[in-house]
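The structure under discussion appears below in the form of structure tokens.
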Amino acid sequence: MALTPRLDQRQTQSLVMTPQLQQAIKLLQLSNMELAEFVEQELEQNPMLERDDAEAADGDTEAVDGAAETAAGVDDGSPDDGMTMDFGDDGGGGPADGDMDVALDDLYTQDGRSDAVQAAPDPGYEPVLPSSVAGGFDDDLPGFEQTLSSDITLRDHLMEQLGMDVGDQIDRMIGAFLIDSLDETGYLTIDLAAVAEALECDVARVEAVLKRLQQFDPPGIFARDLKECLGLQLADRDRLDPAMAAFIDNLELVARREFKALARICGVDAEDVADMAAELRTLDPKPALAFDGEIAQPVIPDVLMRARPSGGWHIELNSDTLPRVLVNNQYYAEISAGKASKADRQYITEQYQSANWLVKSLHQRATTILKVAKEIVRQQDAFFLKGVQHLKPLVLRDIADVIDMHESTVSRVTANKYIASPRGIFELKYFFTSSIARADGGEAFSAEAIKHRIRAMITAEPPAQVLSDDKIVDILRADGVDIARRTVAKYREAMGIPSSVQRRRQKSPAM
């Protein structure tokens, strides 16, 4: 057979990830805070987009809400999708056919907020004061807003003490170096020899400065290990006597609650050991955490859920988390009608198409989140009505099959998305748990429900009858739960619950 070049035509099918499709997938998995940041960047970069601060004044601008209204001529492939969903109780708590609100007015109230939740204050909000207040009584003096206090950092707190307590300039330089070497908990992890080498001074001088710094507030700062940290705090209280020094020298015995050995080593009786252990619990093993603490960001739910008076649940998207952007058709028409070069026209067209695609992607993201949340609530109805013990085992496929979506889509939707329910705020992923089989072959238990039962049993156990893992297995199996001992141990450790031996020591009356 001769090998000769030739031309052939072949027809194949392939899935190509266009930039627009990649953007839609990216938006789907963003949290509401990440989405807001992404939209802000698009507003800065794309002249065809503008923020929807108010309703459009005329029909020339295509007022398209990026999370509540589909752009003209765009069909997301899921008809009858709305931003609020009601499904009634027909005896089983399931959805009622056709009972779905699509109106935009149901999503946004007149002030642009959902009536189901009060909007949290904007973290970037700054009050605007009248000129008579902001300027003060004298134009040469700073305004009132300039005198507002701010949180003092640990470094500022220590540097202020360094300036007052240490006069020598070299010692101040060493002190500043040590301050900058502290970790977030207030411990000094750098070797003093390395400090001396870096500053070209004697190690003895660095040690002398360190001793002075260890007298600073908060007590326990600049310690190099836990023992030294506790010792500094006890010395500050004038409680570091020989018995207490021996006590903190044997912290491993304290952790194992070997009180008889501690009493023998410290030369005290059992009552003194109990007193020293009680005082030890009042100390702070991480003294710097009172400063520079990160402000905990409140969880803003993406979906709001409330009970209907007639039964069932009302579900809607949280309007505070929905970015509102408009595609300005009037501006696009004016630019297109003017004289522009080919490159400029191409740029304007690309930006206009990108803006329209962003609006469509935002709408698809919103409707998909609502679809997934509705189905989760329907399948976990018993949990919302009766509590965590009635949480059903659920996997991504259970939701994907019902709403006719791929499992990967459901996975992206449930990542970093939260629902506010009458039982609290939960991440959507919380409702997906593995199953524990029933001994009688009936409906399986949720692993999360079993964890709850294990925690409840251990919390209620009396000090004289601490439950071992084997005993917990016997109790659960008596209730029809087919579970192994290693599974109970795994769940207990995942919840941070110590073993039965450790719990028995903790509940010992010796403390």
Among the residues of the stretch 307-323, the number that are in contact (Cβ under 8 Å) with a residue 12 or more places away in the chain and more than 26 Å from Glu34 (Cα to Cα) is 7
Keeping to the stretch 314-348, report how many residues are within 26 Å of the chain's Cα centre (by Cα) and not in a helix (DSSP H, G or I).
8
Which of the residues spanning the stretch 433-461 are part of a loop (DSSP other than H, G, I, E, B) and either polar (S, T, N, Q) or at pLDDT 90 or above (or both)?
Thr433, Ser434, Glu461
Do the conditions hold for Lys429, that is, is it touching a helix residue (DSSP H, G or I) at 6+ places or on another chain (Cβ under 9 Å), not polar (S, T, N, Q) and not assigned by TED's automatic domain parsing to the domain that holds Thr321?
yes
Only one of Ala420, Ala400, Ala373 is in contact with a His (Cβ under 9 Å, 6 or more places away or on another chain), at pLDDT 90 or above, farther than 27 Å from Glu493 by Cα and not assigned by TED's automatic domain parsing to the domain that holds Glu493. Can you tell me which?
Ala400
Residue in the stretch 432-447 that is of a type in the set (D, E, K, R) and under 23 Å from the mean Cα position of the chain (by Cα) present:
no
Is the stretch 270-287 home to any residue that is more than 26 Å from Pro218 (Cα to Cα) and surrounded by fewer than 14 Cβ atoms within 10 Å (Cβ to Cβ)?
yes
Could you check Gly220 against (1) outside any loop (DSSP other than H, G, I, E, B); (2) at pLDDT 90 or above; (3) small (Gly, Ala, Ser) and say which number it fails?
(1)
Look at Ala439 and say whether it is in contact with a helix residue (DSSP H, G or I) (Cβ under 8 Å, 6 or more places away or on another chain), surrounded by 15 or more Cβ atoms within 10 Å (Cβ to Cβ), touching a residue at least 40 places away in the same chain (Cβ under 8 Å) and of a type in the set (A, V, I, L, M, F, W, C).
no
Of the residues in the stretch 246-265, those that are under 30 Å from Ala196 (Cβ atoms) and either surrounded by 16 or more Cβ atoms within 10 Å (Cβ to Cβ) or in contact with a Ser or Thr (Cβ under 7 Å, 6 or more places away or on another chain) (or both) number 1
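The values are calculated or read from the model by the stated rules, or taken from the named source; none is laboratory data. Keep in mind that this is a model prediction, so the values were computed, not measured. Virtual Cβ from ideal backbone geometry, glycine too; neighbours counted across all protein chains shown.
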